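Below is one structure, written out as structure tokens, with a few remarks after it.
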Amino acid sequence: MPRHFTHLKDFTIGELDGLVDAASSLKKSAPSSFPLAGRSLAFCFMNPSLRTQVSFSVATASLGGHPVTLSLGSGGTWGMESVEGVVMDGSAAEHLKEAVPVLGRMCQGLGLRSFPAGKSWAEDKTEPALAAFLKYSTVPVINMESAGGHPCQALADLMTIRERMRPKGKNFLLSWAPHVKPLPMAVANSAVEMAAMAGMNVTIARPEGYDLDPEVMARVSRNCAANGATVRVTDEVPQAFDGQHVVYGKSWGSLANYGEPPSSDPVFRRKWTISAEKMRRTSGALFMHCLPVRRNLVVDDAVLDGPWSVVVDQAENRLHTAKAVLLHLLASPAKSSTASARRHRK
Ligand code: CP
């Protein structure tokens, strides 16, 4: 079975720390050889991206590999079906049941970005496209953001925190923020899962109706308890900012009103926009955000342009952690994916 990098819950904090250690070494100096020479990776995007697309492409090339970036279903590549047994008389011209093994015959690793459809959380939670990649792939698969998680972002976030503090015992606030769209919960889920695994005291500040998925919260509670850390969910802002060491700003859609955008009421928005006044209540906290971010809606200019913000460093660390993930999955003696497919048939 190929190794994959798809969900934080598949890893221990020791393994994530090991990947961050590798990323930190790669940040200091490039490897003396090209460990991915002769390997090609296909990075498949069903949704837009700047950081993820560029970081994996540059990481692959700088390790000597060849990146292939595909925008599935948006002009350049066929629209893909992920559900088995359907009559394919809609917009999808190709099934992942063929496309994924075809890519695996040509490339030694695959990445997928696939956002939730936004109609039913019960359906989106099954992550049908990622599940199909995992089912049909004979080569490693990287989750470049699915409905439930963004582990590559969380790894870069852990690296960014570790560059500035020992996370264990520190206070981590995930603060919900206003937006014009009901955004995926992936980054929020992975941020609190990472913080809990790292032994931080986790506070989630969110309006009523914006709780995270109960399975995510159960993992957060278990990890906090195992680390002797606390977990708290509140709608009391700005008080939630008091004493925090890390403030992670993020908007996400409501599970209670799935697919509906948040209120545009100016008073509600102002209550939840992250401001300098709120950041001044913290213990000199870092301000983190995965980007892209809508200025003066999610967070004020004064925060992004102020002393708290590490958002560009976070983005840079996507590159270094992408290299660490690629080496973790692929830096072993090259195996022909065709040979691997032959073994599967035997
Ligand atoms: N943070 C992040 O994943 O950025 P992109 O959506 O631009 O890839």
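The values are calculated or read from the model by the stated rules, or taken from the named source; none is laboratory data. None of these values were measured; they are calculated from a predicted model. Reconstructed Cβ throughout: ideal geometry from the backbone, glycine too, with neighbour counts over all protein chains shown. Please note that ligands, DNA and RNA were not included when accessible areas were found on the heavy atoms of the full protein model with its side chains. Shrake-Rupley method; radii C 1.70, N 1.55, O 1.52, S 1.80 Å.
Using the alpha-carbon atoms, what tilt in degrees (0 to 90, nearest 10) does helix 13-28 show relative to the longest principal axis of the chain? So the helix axis and the longest Cα principal axis differ by about 80 degrees. A run of the chain free of exposed loop cleavage sites, with GluC sites (Glu not before Pro) counted only in DSSP states other than H, G, I, E and B and at most 11 other beta carbons within 10 Å, reaches its longest extent at 85-207. Specify the angular offset, from 0 to 90 degrees and rounded to the nearest 10, of the alpha carbon long axis of helix 311-330 from the longest principal axis of the alpha carbons in the chain. The answer is roughly 30 degrees.
Can you work out the accessible area per residue across the range 37-91, with the rest of the protein chains kept in place, probe 1.4 Å, in square angstrom?
I get 50 Å² per residue for this part.
Take the range 165-309 with all the other protein chains still there, run a 1.4 Å probe, and you get 40 Å² of accessible area per residue. Projecting the alpha carbon convex hull of the chain along each direction and taking the average yields 17.8 nm².
Tally up the carbon and sulfur contribution to the accessible surface of the range 165-309 as a whole percent, 1.4 Å probe, everything protein left in place. For the range 165-309, the apolar C and S fraction of the accessible surface comes to 49 percent. Would you be so kind as to identify which of 244, 223, 303 lies farthest towards the positive end of the dipole of the range 214-344, taking Lys and Arg as +1 and Asp and Glu as -1 on Cβ and the Cα centre as origin? With unit charges placed on the Cβ atoms, the residue in question is 223. Summary of the geometry: the range 126-147 and the range 35-52, compared by the centres of their Cα atoms, lie 14 Å apart.
What is the magnitude of the charge dipole of the range 165-309 about its Cα centre, with +1 placed on the Cβ of each Lys and Arg, -1 on the Cβ of each Asp and Glu, and no other charges, expressed in debye to the nearest 20?
Numbers: 17 positive and 14 negative charges, 80 e Å.
Taking the Cα centre of the range 165-309 as origin, the dipole is about 380 debye.
For the chain, the residue among 268, 108, 199 whose Cα projects farthest onto the positive side of the dipole built from Cβ charges is 108. Going down the list 181/271; 27/125; 97/181; 168/278, which pairs span over 25 Å between their C-alpha atoms? Pairs exceeding 25 Å: 27/125; 97/181. Specify which residue in the list 141, 327, 93 is farthest towards the positive end of the charge dipole of the chain, using unit charges on the beta carbon of Lys, Arg (+1) and Asp, Glu (-1), about the Cα centre. Farthest along the dipole direction, towards plus: 327.
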